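Below is one structure, written out as structure tokens; comments come after it.
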Amino acid sequence: DAMVIQNPRYQVTQFGKPVTLSCSQTLNHNVMYWYQQKSSQAPKLLFHYYDKDFNNEADTPDNFQSRRPNTSFCFLDIRSPGLGDAAMYLCATRLERGRQPQHFGDGTRLSIL
Amino acid sequence: GESVGLHLPTLSVQEGDNSIINCAYSNSASDYFIWYKQESGKGPQFIIDIRSNMDKRQGQRVTVLLNKTVKHLSLQIAATQPGDSAVYFCAENFGNEKLTFGTGTRLTIIP
């Protein structure tokens with residue numbers, strides 16, 4: 001059974017048209033992460049939540065925002081997608097801080113027309 | 001077959017042989033390390049982890065070795081199977097909440 005669920009698996013949007021990607025988890029983990037992964041590259045952390053505390057990476061563009069309305073759900077909002085934002089977006093969770101693995105969903109593949 | 005650090009992103013191995021994937025990590029203060037397997041179109045899948053107070057850990061068909069002196073991590077896969085074809089990432093943990101991923105190695109199994 002999938003424990004980190006990302007919807008949709010594939011998303012197509014137009015240049016400049018806002019888009020929201022969603023992630024839900026059944027693990028009741030405190031920490032949730034959003035990564036961007038481009039072809040043949042490692043995942044790049046955009047931001048993460050520890051509970052309700054939001055932590056933005058210094059090089060994450062202002063175009064990217066996130067919401068976590070409750071423990072189970074986290075959203076990635078891209079306000080004005082550009083062609084360079086086409087990528088796989090991965091959500092991950094971790095039970096707590098410290099030496100534990102992150103658990104990943106299967107991602108949303110975002111295409112920009 | 002064996003990859004050398006992060007400079008050889010592709011490794012081809014005969015089915016049934018052992019694979020060794022290497023990773024040079026960056027931060028001597030990192031205290032926890034993970035290997036992930038990522039198949040095409042899927043998210044990274046946890047394989048095995050190791051804490052910095054250990055130098056070896058074994059799982060089913062996989063072994064992770066940690067050499068803190070030279071900041072080197074390796075993943076050994078025994079009796080490689082076609083299902084092992086994927087990209088393998090090492091990741092290091094420093095601080096409490098974030099992982100830093102290595103470049104990745106694409107493992108291809110030759111029938």
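The values are calculated or read from the model by the stated rules, or taken from the named source; none is laboratory data. Just so it is clear, the structure is predicted and the values come from calculations on it, not from any experiment. Here the Cβ is made from the backbone with ideal geometry for all residues, glycine too, and neighbour counts use every protein chain on show.
Values as computed for the structure displayed
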{"read-out": "Given (1) within 14 Å of chain A (Cβ to nearest Cβ); (2) in a loop (DSSP other than H, G, I, E, B); (3) under 24 Å from residue A:104 (Cβ atoms), number of the condition residue B:23 does not satisfy", "value": "(2)"}
{"read-out": "Flag if residue B:41 is under 27 Å from residue B:16 (Cβ atoms), modelled with pLDDT under 95 and touching a strand residue (DSSP E or B) at 6+ places or on another chain (Cβ under 7 Å)", "value": "no"}
{"read-out": "For residue A:55: the one exception among (1) more than 23 Å from residue B:36 (Cα to Cα); (2) away from chain B (no Cβ under 12 Å); (3) not charged (D, E, K, R)", "value": "(2)"}
{"read-out": "Test: residue B:18 is surrounded by 13 or more Cβ atoms within 10 Å (Cβ to Cβ) and either away from chain A (no Cβ under 14 Å) or more than 27 Å from residue A:105 (Cβ to Cβ) (or both)", "value": "yes"}
{"read-out": "Selection count where residues are touching a residue at least 24 places away in the same chain (Cβ under 8 Å), of a type in the set (Val, Ile, Thr), away from chain A (no Cβ under 13 Å) and in a strand (DSSP E or B), scope the range B:38-80", "value": "2"}
{"read-out": "Some residue of the range A:1-11 being of a type in the set (A, V, I, L, M), within 24 Å of residue A:111 (Cβ to Cβ), at pLDDT 95 or above and surrounded by 13 or more Cβ atoms within 10 Å (Cβ to Cβ)", "value": "yes"}
{"read-out": "The range A:67-107 - residue that is β-branched (Val, Ile, Thr) and farther than 20 Å from residue B:37 by Cβ and, of those, nearest to the other protein chains (Cβ to nearest Cβ)", "value": "A:71"}
{"read-out": "Residue among A:6, A:41 that alone is within 21 Å of residue B:44 (Cβ to Cβ) and not in a loop (DSSP other than H, G, I, E, B)", "value": "A:6"}
{"read-out": "Residues that are surrounded by fewer than 18 Cβ atoms within 10 Å (Cβ to Cβ) and polar (S, T, N, Q), drawn from the range B:86-99", "value": "B:96"}
{"read-out": "Selection within the range A:76-113 - touching a residue at least 24 places away in the same chain (Cβ under 8 Å), in a loop (DSSP other than H, G, I, E, B), of a type outside the set (A, V, I, L, M) and surrounded by fewer than 19 Cβ atoms within 10 Å (Cβ to Cβ)", "value": "A:79, A:80, A:82, A:96, A:97"}
{"read-out": "Test: residue A:29 is surrounded by 14 or more Cβ atoms within 10 Å (Cβ to Cβ) and assigned to a loop (DSSP other than H, G, I, E, B)", "value": "yes"}
{"read-out": "Among residues of the range A:52-64, those that are farther than 22 Å from residue A:113 by Cβ and assigned to a strand (DSSP E or B), counted", "value": "4"}
